[in-house]
1. Spot the failing condition for residue A:113; the list is (1) within 14 Å of chain B (Cβ to nearest Cβ); (2) surrounded by fewer than 18 Cβ atoms within 10 Å (Cβ to Cβ); (3) within 16 Å of ligand 2 (Cβ to nearest atom), and only one is missed.
2. Please find, within the stretch B:266-276, the residue that is farthest from residue A:131 (Cα to Cα) out of those that are without any contact (Cβ under 8 Å) to a residue 60 or more places away in the chain and touching a helix residue (DSSP H, G or I) at 6+ places or on another chain (Cβ under 6 Å).
3. Given the conditions (1) closer than 30 Å to residue A:133 by Cα; (2) more than 14 Å from chain B (Cβ to nearest Cβ); (3) surrounded by fewer than 21 Cβ atoms within 10 Å (Cβ to Cβ), which single one is not true for residue A:105?
4. Could you tell me whether any residue of the stretch A:136-156 is closer than 30 Å to residue B:196 by Cα, within 16 Å of ligand 1 (Cβ to nearest atom) and over 17 Å from the mean Cα position of the chain (by Cα)?
5. In the stretch A:62-102, how many are in a strand (DSSP E or B), in contact with a strand residue (DSSP E or B) (Cβ under 9 Å, 6 or more places away or on another chain) and either away from ligand 1 (no atom under 13 Å from the Cβ) or within 20 Å of residue B:278 (Cβ to Cβ) (or both)?
6. With respect to residue A:101, determine if the residue is more than 21 Å from residue A:204 (Cα to Cα) and within 16 Å of ligand 2 (Cβ to nearest atom).
7. Starting from residues that are facing another protein chain (nearest Cβ under 8 Å) and part of a helix (DSSP H, G or I), keep the ones in the stretch B:274-288 and report whichever is farthest from residue A:111 (Cα to Cα).
8. Being surrounded by 18 or more Cβ atoms within 10 Å (Cβ to Cβ), modelled with pLDDT of 90 or more and not in a loop (DSSP other than H, G, I, E, B) narrows it down to one residue among B:56, B:27; which is it?
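The values are calculated or read from the model by the stated rules, or taken from the named source; none is laboratory data. On a predicted model such as this, the values are computed, not experimentally measured, just so you know. Cβ coordinates were reconstructed from backbone atoms using ideal geometry, including for glycine residues, and neighbour counts include every protein chain displayed.
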Ligand SMILES: Nc1ncnc2c1ncn2[C@@H]1O[C@H](COP(=O)(O)OP(=O)(O)OP(=O)(O)O)[C@@H](O)[C@H]1O
Ligand SMILES: [Mg+2]
């Protein structure tokens, strides 16, 4: 928000391309700014001086070989890394101009604004209704039963699940199929009306049809939310992402408009990876 | 190369023999254990089941003027040695409470003396020939018969075997267990929750962990000594009371509950915690709303098993004075009481032969309660077991 076109000093991150290729100005509102982010698991460094700007109401895809730090980076954005005792973080992660790692930043408040969808669908072992209604009720977004019902319906509709579950809202969320469970998790995440939704390989456990449903969903959701997704599927990145960042060994090798990146990658490594020649 | 298959078979024969042998050894071990169990149960039942039967005599009670001061006068002299002393003892009191009884005569089934009871159950007793003959005659007339011994479940201990019942011990056990559970369950669960969900993994918590595990292996009598030294001598909790007994057993049950709670918490998948943190739960909300409900069946099972263990415990209770002669049902947590295993222990020490069956009967009741508790634990686990 503080800068329409992000300032990215060349010497700081030479590999990061400037995503100014889109002319739609609204898409360039800055959501998350990351500067010189280093992360260690004990003594092993997993993230190496990352610099990246993530934009509002866009889908940003993080791609890269296994173990390159995509999930680790994603967890930096809602401080889920706090749960891992060995983690040490240096550098700046700024959301809407506020340092998320600052001592006075409440991680609970942060996670209220930065929702997360995990790689493996993990609905609560409660009813479908409770899965969606629990968090908004906890955050005092809704309280009365009618409000809850309205919100649950809206979230499930947005997640494209409503028609399948509207008659069995009180059955356990765990009784749904994998793809439905993942959409339930998305509904759960959007029900608290966050600003950002992090998705860690949301379709990796799903069949092509469920995958397509979720891809369509992302396309729709980006009207309201900033979506940052990890994927191993190049076609998926090309289909759904406005921007793509290529991670390699804890570094961001290249970050650019998806169309540009997939047609004319600036780096050799990116090209190799995208075309499937990597490793 | 052509004979390699035969060579392998040759070699295998020896191995198969070995595993067959091992199988039979294991099976015979199992059979032996089962046989012991069977013998134990058969012996227990054959000795204990008679305790649930009691000889009763139908006699004529004359509420005369004399009887109002001396109950003995109300019954025929021939019968007075055959009926329980407790019957004649209460007659004056009955008459005082109900003056209209005076001058009436009633036929009533009353408790037979312990020796009659034992004679009818085929045990050797100190009765003279004349008395035995009289009993036989009464049996023929249908004036003496064995009835279900409801008094065993509705009365407290007594020095008269025909009167001795297990109720005061059952009540004592219930009260003691209430105290134990009220102390051990919340403390145990909260400790486990802290260690598992909140505490940093450092030297100190590791030390605490090791000590809790060791605590579970300490001989129970030491907990009795601890209870005596701390609760009775230092804090002045009344001796022999369900309160001190329950507190002592709580010390013993605590590690069991902590360990089983931790296991239950650990079996809750990490992904559920991540999901909860991901929607912005605080640590306590994660525990309260997601982890604890899932772990509850495991926690309950562990607690019930810990409680069952405590219920069968005698040694620490002897130290805190809960092996006492308690004829009346305890009404307060600070009065002297006894518990089922202690009652069994007391009866086992009685010289009167009639108490042998009481001992076995008490054990049967105790075992029945323990088995139902364990069954409840299994059912609970089955009922709430879920996949996620
Ligand atoms: N909890 C952890 N403790 C220690 N090291 C970890 C932990 N999680 C990840 N790592 C290490 O950090 C590095 C990055 O892991 P990360 O999970 O972020 O990779 P990724 O890009 O998400 O891989 P994938 O595509 O396979 O999911 C890896 O080398 C991994 O071994
Ligand atoms: Mg990952």
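1. All conditions are met except number (3).
2. The residue in question is B:268.
3. (2)
4. Looking through the stretch A:136-156, none of the residues is closer than 30 Å to residue B:196 by Cα, within 16 Å of ligand 1 (Cβ to nearest atom) and over 17 Å from the mean Cα position of the chain (by Cα).
5. Adding up the residues that qualify gives 10.
6. In short, no.
7. In this case the residue turns out to be B:285.
8. B:56
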